[in-house]
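Chemist: Before we start, here is the structure in question, set down as structure tokens.
The values are calculated or read from the model by the stated rules, or taken from the named source; none is laboratory data. The structure presented is a predicted model; accordingly, all values stated were derived computationally and were not measured. Cβ atoms come from the backbone with ideal geometry, glycine included; neighbour counts cover every protein chain shown. Ligands, DNA and RNA are excluded from the accessible area calculation, which covers all protein heavy atoms including side chains. Shrake-Rupley method; radii C 1.70, N 1.55, O 1.52, S 1.80 Å.
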Amino acid sequence: MTAALELSAVSKVYPPPSTVTALADINLVIGAGETVAITGASGAGKSTLLSILGTLERPTNGTVRIAGTDTSALSDPGLSDVRATSLGFVFQQFFLLEHLSVLDNVATGLLYRGMPAAARRTHAAEALAQVGLTGRIRHRAGQLSGGERQRVAIARAVVGRPAVLLADEPTGNLDSVTGAGITELLAGLAGDATTVVLITHNADVAAAMRRQVHLRDGRIVADSRPRPASGEDS
Ligand code: ADP
Ligand code: MG
């Protein structure tokens, strides 16, 4: 079966004056439906890895395949297309449009799909139901609590049914109880059609994912065995 994500011999060296080797010789295969936590100290390369997995940055060396497609062969518009159709992003800061309704914030996740506005709103309402926010769709984003705002951001990330959901410290701005709810939601979104990769400093968040990959100084120093789903041959 084609991997959801595949990094081969990936490195990232930021250009002078910094010349920081943020990633070195990363080999990582993530299967469809996996939930993966990327852990490591500050500066270990976690965000750089997520940016490369998400095609927001190109590696200095090595190849990145998304659902089998070698992204190094794609032009920048081609990469934008991959992002719009195959990837969803969630960040520590929620990046919502505060004055817009919750529904419209989520509908913006479909702007690049060439879908009529009414259809965008229908899909947005479905995504908001998935994250438990049906009762809030007419509120302005600015009226919500932090946990609710992150749920809106997650709905916006999944509204286009991306194959891969990438999250960088999604609980970093939340208290532990609210963060646990968000972690559970993210883990629950994974399935045959959706792979979840998140970055975290938090051991409880990492433990809620089926697989943990630990970075140190830009290298993978530990990778828990990807546990096959029950009923699957290992
Ligand atoms: P983490 O997310 O694990 O804290 P990052 O991936 O953000 O780590 O950073 C890894 C290393 O790369 C750090 O040393 C950081 O200072 C450096 N770095 C990150 N982004 C840039 C950049 N745009 N230019 C130069 N160096 C960078
Ligand atoms: Mg980071």
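Chemist: For the range 23-31, indicate whether the set of residues that are open to solvent by 10 Å² or more (accessible area, probe 1.4 Å) and within 12 Å of ligand 1 (Cβ to nearest atom) is non-empty.
Modeler: Yes, there is a match, as at least one residue in the range 23-31 is open to solvent by 10 Å² or more (accessible area, probe 1.4 Å) and within 12 Å of ligand 1 (Cβ to nearest atom).
Chemist: Moving on to the next point. Name the single residue, out of those in the range 153-181 being outside any loop (DSSP other than H, G, I, E, B) and under 12 Å from residue 91 (Cα atoms), that is farthest from ligand 2 (Cβ to nearest atom).
Modeler: This residue is 156.
Chemist: Could you pull out the residue among 103, 79, 96 that is open to solvent by less than 30 Å² (accessible area, probe 1.4 Å), part of a loop (DSSP other than H, G, I, E, B), farther than 23 Å from residue 208 by Cβ and in contact (Cβ under 8 Å) with a residue 12 or more places away in the chain?
Modeler: Going through 103, 79, 96 in turn, just one is open to solvent by less than 30 Å² (accessible area, probe 1.4 Å), part of a loop (DSSP other than H, G, I, E, B), farther than 23 Å from residue 208 by Cβ and in contact (Cβ under 8 Å) with a residue 12 or more places away in the chain: 96.
Chemist: Take the residues in the range 10-22 that are away from ligand 2 (no atom under 16 Å from the Cβ) and not hydroxyl-bearing (Ser, Thr, Tyr); name whichever of them is least open to solvent (accessible area, probe 1.4 Å).
Modeler: Among those that are away from ligand 2 (no atom under 16 Å from the Cβ) and not hydroxyl-bearing (Ser, Thr, Tyr), it is 10.
Chemist: Given 35, 39, 2, which one is β-branched (Val, Ile, Thr), touching a Gly at 6+ places or on another chain (Cβ under 6 Å) and touching a residue at least 60 places away in the same chain (Cβ under 8 Å)?
Modeler: The match here is 2.
Chemist: Additional query: How many of the residues making up the range 57-76 are free of Cβ contacts under 8 Å to residues at least 24 places away in the same chain and hydrophobic (A, V, I, L, M, F, W, C)?
Modeler: 2
Chemist: Which of the residues belonging to the range 124-158 are touching a His at 6+ places or on another chain (Cβ under 9 Å) and either touching a residue at least 60 places away in the same chain (Cβ under 8 Å) or surrounded by fewer than 18 Cβ atoms within 10 Å (Cβ to Cβ) (or both)?
Modeler: Scanning the range 124-158 gives 140, 142.
Chemist: Quick check on the range 59-76: of everything there that is touching a strand residue (DSSP E or B) at 6+ places or on another chain (Cβ under 8 Å) and either in a helix (DSSP H, G or I) or of a type in the set (Lys, Arg) (or both), which residue is surrounded by the fewest Cβ atoms within 10 Å (Cβ to Cβ)?
Modeler: Filtering the range 59-76 for residues that are touching a strand residue (DSSP E or B) at 6+ places or on another chain (Cβ under 8 Å) and either in a helix (DSSP H, G or I) or of a type in the set (Lys, Arg) (or both), the one surrounded by the fewest Cβ atoms within 10 Å (Cβ to Cβ) comes out as 72.
Chemist: When residue 188 is evaluated against the numbered criteria (1) in a helix (DSSP H, G or I); (2) within 22 Å of residue 42 (Cβ to Cβ); (3) not β-branched (Val, Ile, Thr), which criterion, by number, is the only one it fails?
Modeler: Unmet condition: (2).
Chemist: OK, next. Got a number for residues in the range 111-132 being under 27 Å from residue 38 (Cβ atoms) and not in a helix (DSSP H, G or I)?
Modeler: 2
Chemist: Given the criterion of a type outside the set (Lys, Arg) and open to solvent by less than 20 Å² (accessible area, probe 1.4 Å), identify the matching residue among 177, 221, 213.
Modeler: Result: 213 is the single residue among 177, 221, 213 that is of a type outside the set (Lys, Arg) and open to solvent by less than 20 Å² (accessible area, probe 1.4 Å).
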